[in-house]
Amino acid sequence: MRPFDTGHEDLVHDVSYDFYGRYVATCSSDQHVKVFRLDKDSNEWILSDSWRAHDSSIVSVDWASPEYGRIIATASYDKSVKIWEEDPDQDECSGRRWTKLCTLNDSKGSLYSAKFAPSHLGLKLACIGNDGILRIYEALDPSDLRSWTLTTTAKVLNVPPASHLQSDFCISWCPSRFQTERIAVCVLDQAIIYQKNTQDSKFYIAGKLEGHNGLIRSVCWAPSIGRAYQLIATGCKDGKVRIYKVTEDLNNSGVSGTVSNSATTTNSNGSDISTRSISNDNTTDGASNQREDTPSSNNSLKRTNNSLLHMPLNIELLSAHDDHGGQEVWSVSWNLTGTILSSAGGDGKVRLWKATYSNEFKCMSVITAQQT
């Protein structure tokens, strides 16, 4: 591991690599974004450009898929998300190499996270902030990246947290192109999975990641190469790294779980659609008596009082680890194949986790900045 000086004058909140790992972008409370490129000869990170991007602390930065060009998104406490594009004709370190394409300022509170969707879903961007509302934007015309449309909003948190209290929000898209469009949304100590209904293109709550005893600092959905199930990891203020297994019960013809009102989703035309949260107990009490008859080929979709009920995902907590010595876990991230998980904690160490043949995750390596 090679530390390098970013040159930021304040706390660095987020670091993001591009698809090829040749560029890295950083954002900071000094209101600046910096992009570094990896020099092939010296194997050192060289500053490519630096510019003042927002009027407040910048807490999230993310790269779009390279098929759409060299695009990054930044989210800030100034309640805005900005989309930037690189202009290769401008000189490096000129402050003009990255030009602003557009500003998305629908949020009523400070923004905490902005993430581009996987490329197979199109050019989409999800963001969430202190107002507790998930917003998904889409560039309907990839040839005109200055025009973005707000396609979906979901009220994840009914009452925003008080400004003087510590809070955290984070999101992660499901990277599998063979699954329905899903996104994991973490607000404070709650983690919710939203899934898109392919028939009406609306998002509903498909499940929850239970068991957190503090603010969720980070969530990451693993790539599922060759697996019949999904893995999601979270890092929490309670000092634990949690790994969840997500599967679908396609053979269940009923609505599994209890249903309660928990959120409101709004489609692009502004109308509200009632959504439901579904727990993972395998019961149908109170639901089977309310179902209407539907074709057997569509067992995953039931109608009750003109509201849509959906089969929940089966979510299992595989393991919870407190190897960071009780310190907060600030970041979790999977490798490209979804086989190794890295976690960074307040103890100043990065730990690498890998599953054994019995599907039990073990810490395989500990990395510290003091290593020689």
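What the table shows:
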quantity	calculated
Per-residue ³J(HN,Hα) for the range 49-56, Karplus 6.51 cos²θ - 1.76 cosθ + 1.60, θ = phi - 60°, Hz, x for Gly and Pro	6, 9, 8, 7, 9, 9, 9, 8
Of K108/K245; K34/K362; K100/K349; K108/K196; K108/K208; K237/K362, those spanning more than 32 Å from alpha-carbon to alpha-carbon	K108/K245; K34/K362; K100/K349
For D106, net neighbour charge (Lys/Arg +1, Asp/Glu -1) across residues whose Cβ lies under 10 Å away	+2
Gyration tensor verdict on the range 77-210 (Cα atoms; rounded if a/c is under 1.5, prolate if a/b is larger than b/c, oblate otherwise)	oblate
Per DSSP, loop GluC sites (Glu not before Pro) in the range 76-156 with at most 15 further Cβ within 10 Å	E92
Cα gyration tensor, the range 1-113 - rounded (a/c under 1.5), prolate or oblate	prolate
Whether the range 172-241 is rounded, prolate or oblate, judged on the alpha carbon gyration tensor where a/c under 1.5 counts as rounded	oblate
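No lab work stands behind these numbers, since they all come straight from the coordinates. Everything numeric in this text was worked out from a predicted model, so none of it was measured. Note that we place each Cβ from the backbone using ideal geometry, even for glycine, and neighbour counts take in every protein chain shown.
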